[in-house]
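Inspection log for the structure reproduced underneath, given as structure tokens.
The values are calculated or read from the model by the stated rules, or taken from the named source; none is laboratory data. As the structure is a computational prediction, the values presented were derived from the model and not from experiment. Note: ideal-geometry Cβ built from the backbone for every residue, glycine included; neighbour counts use all protein chains shown. Please note that ligands, DNA and RNA were not included when accessible areas were found on the heavy atoms of the full protein model with its side chains. Shrake-Rupley method; radii C 1.70, N 1.55, O 1.52, S 1.80 Å.
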Amino acid sequence: MASILLLAIGIAVTVALIGSVLIQFLTPITDSALSPLEKNCQQIANEGYRIHATYPDSHPDELPTDDFKRLIYLDELWITECVNVLPAESVFSIVNNVERDFSHGE
């Protein structure tokens with residue numbers, strides 16, 4: 001009797017796990033889940049990352065003047081419009097989803 005009960009519990013747990021995996025797999029992850037502010041912050045983070053990736057070994061004061069000014073501007077936007085406004089979970093999600101696959105020529 002006990003073995004039948006354990007088997008039934010094992011099957012129920014297995015079905016629940018498989019169902020959970022299927023739901024996650026079939027549910028599309030889209031940007032529509034992001035608020036307009038989060039989308040804007042994602043763009044700011046992407047652009048800032050592109051500048052940092054273009055000059056990976058440089059300190060900010062060693063950048064060309066235009067890129068330095070743009071990086072400072074993006075940093076101020078990031079702090080005032082994103083970090084100070086959004087919850088930490090959203091900020092970390094944005095940082096983890098920065099587009100890292102781009103060409104230097106873009």
**Request:** Find the residue count for the stretch 39-66, including only residues that are assigned to a helix (DSSP H, G or I) and among the aromatic types (Phe, Trp, Tyr).
**Result:** 1
**Message:** It is to be established whether one or more residues within the stretch 45-58 are out of contact with any strand residue (DSSP E or B) (no Cβ under 6 Å at 6 or more places or on another chain), farther than 27 Å from SER90 by Cα and among the charged types (D, E, K, R).
**Reply:** yes
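Hey, can you tell me all the residues within the stretch 52-82 that are among the aliphatic types (A, V, I, L, M) and crowded, with 16+ Cβ neighbours inside 10 Å? Spell out how you get there, then give the answer.
First, pick out the residues of the stretch 52-82 that are among the aliphatic types (A, V, I, L, M): 53, 63, 71-72, 74, 77, 79.
Those that are among the aliphatic types (A, V, I, L, M) and crowded, with 16+ Cβ neighbours inside 10 Å: LEU63, LEU71, LEU74, LEU77.
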**Request:** Please verify whether the stretch 72-93 includes one or more residues that are of a type outside the set (Lys, Arg), over 24 Å from LEU34 (Cβ atoms), touching a residue at least 12 places away in the same chain (Cβ under 8 Å) and part of a helix (DSSP H, G or I).
**Result:** yes
**Complete:** Going through (1) open to solvent by less than 100 Å² (accessible area, probe 1.4 Å); (2) modelled with pLDDT under 90 one by one, LYS39 fails only at (2)
